[in-house]
Amino acid sequence: MIIGPHCRDPYECPLTDCWDSLPEHNVFSLYYGGKKSFAMYDSGILTVGEIPDDYKLNDKQRIQQACVVNGEPHVDKEAIQDFLSSLQYPLYYLDFETIGPAVPLFDGVRPYQDIPFQFSVHVVQDEQSPPAHYSYLTSGTDDPRPALLAELQKVLGDSGSIIAYNKGFEEGILRDLAEAFPEYNNWIDQVCSRLVDLLVPFRNFDYYHPAQKGSASLKAVLPAITGRGYEDLDISDGQLASITFLAATYGDMPEDERQKVRANLKKYCALDTEGMVWIVDRLKELCS
Ligand code: SF4
């Protein structure tokens, strides 16, 4: 059958072979390609590299196309330097892991509300210092938020940029925490005012590597820019972290397996923040 919008609308087709057989850098990997990708596919253009120069693309899509053709990353040093100049030491790299069950586990929580059960923070004091790692993973079945907040407050200090990847997620978690625990309101306001989004230079295509295949997500950017990724980890994405945590914490799991899951969760969350440290180091190298 011919691939088309009917593959996903009104329902996702369970067959994936049709999509899996497409070549690398196919037109569906074009950044926000949408209908344009289907139109190109229908007209016989299969890959981003085959898109004619006079085809109407936006600036980001044109950068992606040029990178596929050249096999080289795009680097806008001036824009990257502007981003790096906005960072204030000490740098705190922050990531939360969350659960959001349909049936809330704790009082006052909405269905599907993201509840943080774990954080990882890497702290870089100054240009010369190696990163120090701090983390928290709740134990037991009680509401994880009070202890998590108390631990986070010990780690984040009073000044310096707090770097997250797609900061809207971390900010949403923090605002929900402020609503549930108003005694932290002022502190959370101060923390949110220090948040910096490491997604920005990648969403703006100030840096783009062909290996990102049209994605600016951390999982696409980290291996593309640093050559290091998540492939050696048993837990390699946030959804799996959430499901595994729920099974290990509220399910009937043997203790040795539970401990293994906890160790894997710590490794995964730590890589999200250490990976951000590596990315910023690499951006600095590119601008030096
Ligand atoms: S993915 Fe499903 S709907 Fe789409 S072409 Fe293949 S079989 Fe048809």
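Readers should treat all values here as calculations from the given coordinates under stated rules, not as data from a laboratory. Bear in mind the structure is a predicted one, so any value in this text is a computation, not a measurement. Backbone-built Cβ (ideal geometry, glycine too); neighbour counts: all protein chains shown.
Distance between the modelled labels on Trp19 and Gln88, one decimal in nanometres: 4.3 nm (7 Å Cα→Cβ projection). Scaled against the 2.2 N^0.38 Å expected of a compact globular protein of N residues, the Cα radius of gyration of region 142-187 reads 1.16.
Debye-formula intensities of region 109-189, expressed as log10 I(q)/I(0) at q = 0.17 Å⁻¹, are -0.75 (one equal scatterer per alpha-carbon, no solvent). Between Asp158 and Lys284, what is the label-to-label distance in nm when each label sits 7 Å out along the Cα-to-Cβ direction? Between Asp158 and Lys284, the label points sit 2.5 nm apart.
Under a Gaussian network description of the chain, with springs only between Cα atoms under 10 Å, the residue in Pro254, Pro130, Pro210 that fluctuates furthest is Pro254. For region 1-150, the alpha carbon convex hull comes to 224 Å³ per residue, rounded to a whole number. In this structure, the pairs whose alpha-carbon distance is over 29 Å, taken from Lys77/Lys167; Lys35/Lys77; Lys60/Lys219; Lys77/Lys267; Lys35/Lys266; Lys154/Lys266, are Lys35/Lys77; Lys77/Lys267; Lys35/Lys266. The alpha carbons of region 216-267 stretch over 40, 17, 12 Å along the principal axes, in descending order. Residues in region 178-191 carry Karplus couplings, in order, of 5, 5, 6, 10, x, 5, 9, 3, 5, 5, 5, 4, 5, 4 Hz; the curve used is 6.51 cos²θ - 1.76 cosθ + 1.60 with θ = phi - 60°, and Gly or Pro positions show x. Using only side-chain charges placed at the Cβ, +1 for Lys and Arg and -1 for Asp and Glu, the dipole size of region 165-239 relative to its Cα centre rounds to 380 debye. Residues Met253, Met40, ranked from the fewest to the most other C-beta atoms within 10 Å, line up as Met253, Met40. When each of His209, His6, His133 is scored by the number of other beta-carbon atoms lying within 10 Å, the sequence from fewest to most is His6, His133, His209. Taking a cut-off of 23 Å, what percent of all Cα-Cα pairs in region 24-105 are separated by more than that? More than 23 Å apart: 49 percent of the Cα pairs in region 24-105.
Listed values for region 133-143 are Karplus-derived 3J(HN,Hα) couplings in whole Hz (6.51 cos²θ - 1.76 cosθ + 1.60, θ = phi - 60°), namely 10, 10, 8, 9, 9, 4, 10, x, 10, 6, 3, and x replaces Gly and Pro. Each of Phe181, Phe96 has some number of other Cβ atoms within 10 Å of its Cβ, and from fewest to most they run Phe181, Phe96. Each label was represented as a point 7 Å from its Cα along the Cα-to-Cβ direction; for Arg203 and Asp42 these points are 3.1 nm apart.
Here the Gaussian network model covers the chain, with springs between Cα atoms less than 10 Å apart; of Asp17, Asp189, Asp252, Asp17 fluctuates the most.
By the compact-protein rule of thumb, 2.2 N^0.38 Å, the alpha-carbon radius of gyration of region 1-48 corresponds to a ratio of 1.08. Taking the Cα centre of the chain as origin and assigning +1 to Lys and Arg Cβ atoms and -1 to Asp and Glu Cβ atoms, the resulting dipole is close to 340 debye. Entry note, region 111-267: relative contact order of 16 percent, from Cα contacts under 8 Å with a spacing of 6+ residues. Near Leu195, the amide H atoms lying under 5 Å from its own belong to Ile162; only residues 5 or more places off or on other chains count, and H is placed 1.01 Å from N. Gyration tensor analysis over the Cα atoms of region 65-123 returns equivalent ellipsoid semi-axes of 38, 20, 10 Å (largest first, whole Å). For region 153-227, the orientation-averaged shadow of the C-alpha convex hull comes to 5.9 nm² (one quarter of the hull surface). Taking the charge dipole of the chain about its Cα centre, with +1 at Lys and Arg Cβ atoms and -1 at Asp and Glu Cβ atoms, the residue from Pro104, Gly4, Val155 reaching farthest to the positive side is Gly4.
Comparing Trp19, Trp187, Trp278 in a Gaussian network model of the chain where C-alpha atoms under 10 Å apart are linked, the largest mean-square fluctuation is found at Trp19.
Note that the chain carries a Kirkwood radius of 21.1 Å, evaluated over its alpha carbons pair by pair.
Under a model in which nothing but the beta-carbon of Lys, Arg (+1) and Asp, Glu (-1) is charged, region 191-288 shows a dipole of about 300 debye around its Cα centre.
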